[in-house]
Amino acid sequence: MSHTPPSDPSWFERPQNIRRMIIGLVVVCVLLVLADLFYENPHPHFGKVETFFGFQAWFGFIAFVAVVFLGTLLRPLIKKPEGYYDPEPENEFPRLDRPEDNTSGEQA
Amino acid sequence: MNLLSALPPGWPMIVGGVFLWLLPKRAQAGGALGLAILSGLLFWFTPVLGDGETAKTFSMLGAELQPIRVDSLSRPFGLVFHIAAIVSAIYALHVRDTRQHIAGMVYAGAAIGACCAGDLMTLFVFWELTAISSVFLVWASDTPAAYRAGMRYLIVQVGSGVLLLTGAIIQYVETGSLKFELFVSEGQTLFGVEAISPAAWCVLIAFAIKCAFPLLHNWLQDSYPKATVTGTVFLSAFTTKLAVYSLARGFAGFDPLITVGCIMTLFPIIFAVIENDLRRVLAYSLNNQLGFMVVGVGIGTELAINGTVAHAFCHIIYKSLLFMSVGAVLFRVGTAKATELGGLHKSMPWTTAFCMIGAGAISGFPLLSGFVSKSMIISAAGEEHMFGVWIVLLIASAGVMEHSGIKIPFFAFFAHDSGKRVKEAPWNMLLAMSIAAFSCVALGIAYPLLYRLLPFDVDYHPYTITHVVTQLQLLMFAALAFVALMKSGLYPAEQRAVNLDTDWVYRRLIPKATRGGQVAIELVDQTFRHDFLLTLRSGLRMVQRSFNVNGWIGRTWSTSTMAFWAATLLAISLVLYYT
């Protein structure tokens, strides 16, 4: 295993491409909300809510943020150092990336 | 052919699996794959019971048993279990560990046998067999932590089986029948809930444990991440989905399951946000997916049951795909912790691509399998006008996007470059992942093939404009929220830590709380032992003293003493006879 610093950024790691991807995502999101203007839900189950403009868009956004926020609130309550249950480091597997080592499997 | 049809489905894997050790080590993995394929072919040609037909009945010790019931509900589970067994066997082709091959095959075969069991006793036998065989996949990691986790897993699983047996016995005593059928009967209610018999309660709790209901769930997140790389792929497919099948068979339409299922979809996603071990994240994610299925069982309409079966079918494939991709990372890098990973897309491009297909499928992107199955359950909640349930399932869908759709691929393969450069996964792992990834796409596009397998004929069309647009809105805005949180630095950083869950109760609290009692027992025990040993020792000393050369028994007696005692005895007997 070689620890090289990321001096070889791939397509996904170049800042201009990351910016492009984010802009692309924003454009897609805007288009998806605007799409609500061009169709009508033939049989909504919950009339007022489901047909609200861009309902699932902003609902998805808020739900996602809420889940992450609850996670951050939960963390201080349940976080313990890694050796809390088992004095030895938790179940780290032996490294198996030796060349052409397909025979020993997980027994190594 | 008659003999073959009398054997329970999955038997080639159970019987053949037990004898795998006879093969040379290099051939065992291939042998296991062969058994899975053979069993799959036999199952495909097993005749399916039509409506109104009943399975063959055997009498044993006065009880009527139906060991084989392949009908429209058990067949899709049997099929997908076979697919999972075959894919997992390919994924494990490089493994040279006899234990794991035997355990994997027997486990898969037992799960298939269980979902085709027509009576509670047969179900119990296979139920316990899945528990006993699968624990070896955890133990095979050969670490002390895995050994202890395996022990906890075994206790929980066998406990579930004992409850099932209890339920079966009560049922037999009360009704004289062991048939495994719907336990919920219309009409009778208790506190506004359908009343079910005590036997049914035992069986329900047995299923609830295996299905990882809230507060009974933690065996899953405890043991699965500690199993071997290939073992976890096996584990992820069978146990919990067998429980979903059993719930669908026995408790369809049991209302409390809706509430339980809703809680189950919500709480694991919050734990998944802050979990560092990616296999544990997947275990929480698995728990959340089970929640969707339990909601479907609870609603119990034809659409909901179809949705549950379809979702279980798709879920087994994409979940094993996710476990396989994270397993490949673990296999190559040596860890599955988010803090240690990142930037692996450069060295494991194929694994990255397959993982993203799995992530898309579980999130429910159109054209992938999750979209056509999860939507049936959400629509079923809509059809029944259950607004709260519908909202919860939407929140849960956004949560799935968070932990499985984004977190898993992002932190393993992208994020900050960890600088780790490893080889791509071995060919057999890539082959297994490609089959699973292809199935995710195929099921998403050719969904009528899936729908034809479902228990009921329901006219359902997933690809309506409304559905595609709203689902994409939900997912893309969730992704947008992720970007916004990352950019603003509000997204919680991954941290090396252990997060407590209900297992804390039996791993820390109970041992600590019972500490006082333990001390008291130890004290009493010690005192008693001490006193007993003292008595014993003094007794021994007395015997020793008596029998040594100068002891009163051991020393040499003179003849006159003997003559005196003999004369005395004679005199006594004379007196006795005379009177």
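What the table below lists for this structure:
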read-out	value
In nm, spacing of pseudo-spin labels at B:THR175 and A:PHE69 (7 Å Cα→C-beta vector)	4.9
Overall form of chain B per C-alpha gyration tensor (a/c, 1.5; a/b vs b/c)	prolate
Total formal charge among the other residues, if their Cβ is under 15 angstrom from that of B:VAL80, Lys/Arg +1 and Asp/Glu -1	+4
Gain in span if fully extended, B:PHE456 to B:ALA442, counting 0.36 nm per residue against the direct Cα distance	2.9 nm
Where labels lie 7 Å past Cα in the beta-carbon direction, separation of B:GLU302 and B:THR559 in nm	11.3
Over the protein assembly as shown: helical MRE at 222 nm, DSSP H runs n ≥ 4 each giving -39500 (n - 2.57), nearest 500	-21500 deg cm²/dmol
Span from the the range B:1-65 Cα centroid across to the the range A:2-73 one, whole angstrom	47
Residue-normalised accessible area of the protein assembly as shown, expressed per residue, 1.4 Å probe, Å²	43
Partner aspartates and glutamates for A:LYS80 [C-alpha distance under 19 Å; skip if fewer than 8 residues away on the same chain]	A:GLU88, A:GLU90, A:GLU92, B:ASP222, B:GLU275, B:ASP277, B:GLU340, B:GLU494, B:ASP501, B:ASP503
For the range B:171-180, Karplus couplings with θ = phi - 60° (6.51, -1.76, 1.60), whole Hz, Gly/Pro x	4, 5, 5, 6, 10, x, 10, 9, 4, 9
Of all accessible heavy-atom area on the range B:252-497, the percent that carbon and sulfur account for (1.4 Å)	69
Exposure of B:THR339 as accessible area (Å², to 10), given a probe of 1.4 Å and all protein chains	40
Total formal charge among the other residues, if their Cβ is under 15 angstrom from that of B:PRO24, Lys/Arg +1 and Asp/Glu -1	+2
Long-range HN-HN contacts of B:GLU194 with modeled amide H, under 5 Å	B:ASP255
B:LYS337 long-range amide H proximity, modeled H, under 5 Å	B:LEU278
Test item: B:263-269 mean partner chain Cβ contacts at 10 Å	1
For B:395-401, mean number of other protein chain Cβ atoms within 10 Å	5
Residues of the range B:228-244 with amide N under 19 Å of a point placed 7 Å along Cα→Cβ from B:THR46	B:237-244
Within-13-Å neighbourhood charge of B:ALA283 [Cβ basis; K, R +1; D, E -1]	-1
Within 10 Å of each Cβ in A:47-56, the average number of Cβ atoms from other chains	3
For the range B:203-228 and the range B:83-157, distance of Cα centres in Å	14
Calculated from backbone phi, Karplus (6.51, -1.76, 1.60) coupling profile of the range B:107-113 in Hz, x at Gly/Pro	4, 4, x, 5, 5, 5, x
Inter-site label distance for A:LEU77 and B:LYS487 at 7 Å from Cα along Cβ, in nm	3.2
Cα-based shape type of the range B:252-497, given that a ≥ b ≥ c are square roots of the gyration tensor eigenvalues and the cut on a/c is 1.5	prolate
19 Å cut-off, amide nitrogen to a point 7 angstrom out along A:PHE46 Cα→Cβ, residues in the range B:386-429	B:386-401
Degrees separating the helix B:369-383 axis from the principal Cα axis of chain B, which is the longest one	90
Relative contact order for the range B:252-497, counting Cα pairs under 8 Å that sit 6 or more residues apart, in percent	27
Summed buried accessible area for B+A [probe radius 1.4 Å, Å², rounded to 100]	7300
Peptides B:539-545, B:23-29, B:290-296 ordered by average Cβ neighbours within 10 Å, highest first	B:290-296, B:23-29, B:539-545
Amide proton proximity set for B:GLU64, modelled H, under 5 Å, gap of 5+	B:LEU178
Under the Karplus curve 6.51 cos²θ - 1.76 cosθ + 1.60, θ = phi - 60°, whole-Hz ³J(HN,Hα) for the range B:440-449, x wherever Gly or Pro sits	4, 5, 4, 5, x, 8, 8, 4, x, 4
Alpha-carbon centroid distance for the pair the range B:356-422 / the range B:539-555, whole angstrom	84
Three-way shape call for the protein assembly as shown based on the alpha-carbon gyration tensor, with the a/c threshold at 1.5	prolate
Relative packing of peptides B:502-508, A:37-43 - highest average C-beta neighbours within 10 Å first	B:502-508, A:37-43
Normalised contact order of chain B, rounded percent, pairs of Cα under 8 Å and 6 or more residues apart	13
Helix B:559-578 axis, angle to chain B major axis (alpha carbon atoms, nearest 10°)	90
For chain B, size of Cβ-based charge dipole, Lys and Arg +1, Asp and Glu -1, in debye	2500
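The values are calculated or read from the model by the stated rules, or taken from the named source; none is laboratory data. What you are looking at is a predicted structure, and each value in this text was computed from that prediction instead of being measured. For neighbour counting, all protein chains shown are included, and Cβ atoms are generated from backbone atoms with ideal geometry for every residue, glycine included. Accessible surface is based on the protein model in full, side chains and every heavy atom, while ligands, DNA and RNA are left aside. Shrake-Rupley method; radii C 1.70, N 1.55, O 1.52, S 1.80 Å.
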